[in-house]
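These notes concern the structure reproduced below.
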């Protein structure tokens, strides 16, 4: 589906209620399926990726019912995942593909095969296979590292594991495996990453502690979760925030948005570039403090303003990984140069996002070049417009839409349907603001 987005000459105005958080919705489905008692989930994201998670847990024995816009998940239990008749289809959901094996690896004597779409089949799983093997599990993957792959469950034991990269997905996979392992498991992060799993496990009564870069998880007999409330997704709202910053005469209020400190890296980068985005943000917790059991929520006041270029260093990348392509777009409108370093992880997302963003924005008139681990953008005051291909990547599709609103001539997005993976209502929300 090709959709054209014209310049928003009069600006964007109004209130946007941030759509439910995709990362937390995935985790809510999995933890609900692992729990022994029914779990109520409020504000679950209804999108292609998160529907894949619900279908996966149904295949594993969980019952999922909708009650007045809420979900009630009656789980299979921590150690009682059913073996489905066929493969577990993760669709396009990379989070599901990397987290689910942590639960399945602890199902002793049972095996599960996971597969997905063409994009998923290009995404490696060796980074989760290594720690799971150290714990006693086994993954047999295509060419040793790609889907489809089979998880062979076993009796696991706790380990201490240093993550090769800062990744909430790898960390969460190991944490889920640790729940049914003998002894405690400690994960050492090279840099902080999203801590949603830690918070949810702590809320479920699991012993979770953090000391500096070390996160420790004890085993559990069962998960005790009554209710999970999913906050608004900052990664999805970031596209409207960027549009409000870039389009002249704009003034937006973004409501019900989650501002967990491990997710607000993009807002810190915006602040450094001179953007006007005001809200009550969560502070970084003190070293050794208890793991929080809830997610902070706020309103963000966004207005158009001039931007200056900035440098995003490698240690900032994990806290803004999904929004970094937007930094490239913002850099096109900023004075000076904007550089992102240490973001090689973008090359193994739904597409090679470094190549996709650089080629796509260059086709719209950007002065941008790719580097091995990021990109460099020289601000030219804006973008001409033209055509951009989504490459089946939801975030590239939405970047094209925002670029169209802020461009001089408008942008046609080829493959706009990709946005439905994470944000089905994106076009309607933008139209309401314009």
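Restricting attention to segment 152-161, does a residue exist that is surrounded by fewer than 24 Cβ atoms within 10 Å (Cβ to Cβ), within 17 Å of the chain's Cα centre (by Cα) and modelled with pLDDT of 95 or more?
no
Sort out for me the helices (runs of 4 or more DSSP H) sitting completely within segment 1-113 that have 1 or more residues that are surrounded by fewer than 24 Cβ atoms within 10 Å (Cβ to Cβ), at pLDDT 95 or above and more than 22 Å from the chain's Cα centre (by Cα).
Working: elements: 22-34, 48-59, 94-104.
It comes to 48-59.
For the list (1) touching a helix residue (DSSP H, G or I) at 6+ places or on another chain (Cβ under 8 Å); (2) more than 30 Å from residue 432 (Cβ to Cβ), I need the number of the one condition that residue 205 fails.
Result: residue 205 fails condition (1) only.
Just name the residue that is farthest from the chain's Cα centre (by Cα) out of those in segment 408-434 that are over 15 Å from residue 47 (Cβ atoms) and surrounded by 24 or more Cβ atoms within 10 Å (Cβ to Cβ). Full working, then the answer.
Within segment 408-434, the subset over 15 Å from residue 47 (Cβ atoms) is 408-415, 430-434.
If we keep only those that are surrounded by 24 or more Cβ atoms within 10 Å (Cβ to Cβ) too, we end up with 411, 413.
Numbers: 411: 26, 413: 22 Å.
Checked segment 408-434; the qualifying residue farthest from the chain's Cα centre (by Cα) is 411.
Output the residues belonging to segment 289-311 that are surrounded by fewer than 17 Cβ atoms within 10 Å (Cβ to Cβ), assigned to a loop (DSSP other than H, G, I, E, B) and touching a strand residue (DSSP E or B) at 6+ places or on another chain (Cβ under 6 Å).
305
Any idea which of (1) surrounded by fewer than 18 Cβ atoms within 10 Å (Cβ to Cβ); (2) part of a helix (DSSP H, G or I) is the one residue 131 doesn't satisfy?
(1)
For residues in segment 184-199 being more than 23 Å from residue 296 (Cβ to Cβ) and part of a loop (DSSP other than H, G, I, E, B), which is farthest from the chain's Cα centre (by Cα)?
In this case the residue turns out to be 184.
If residue 180 satisfies every condition in (1) under 22 Å from the mean Cα position of the chain (by Cα); (2) modelled with pLDDT of 95 or more; (3) in a loop (DSSP other than H, G, I, E, B) but one, which is the exception?
(1)
State yes or no: is residue 124 crowded, with 18+ Cβ neighbours inside 10 Å, touching a residue at least 24 places away in the same chain (Cβ under 8 Å), farther than 24 Å from residue 200 by Cβ and in contact with a helix residue (DSSP H, G or I) (Cβ under 7 Å, 6 or more places away or on another chain)?
On the way: crowded, with 18+ Cβ neighbours inside 10 Å: no; touching a residue at least 24 places away in the same chain (Cβ under 8 Å): yes; farther than 24 Å from residue 200 by Cβ: yes; in contact with a helix residue (DSSP H, G or I) (Cβ under 7 Å, 6 or more places away or on another chain): yes.
Criteria not met by residue 124.
The values are calculated or read from the model by the stated rules, or taken from the named source; none is laboratory data. Keep in mind the model is a prediction, meaning the values are calculated, not measured. Ideal geometry is used to build each Cβ from the backbone, glycine not excepted, and the neighbour counts take in all protein chains shown.
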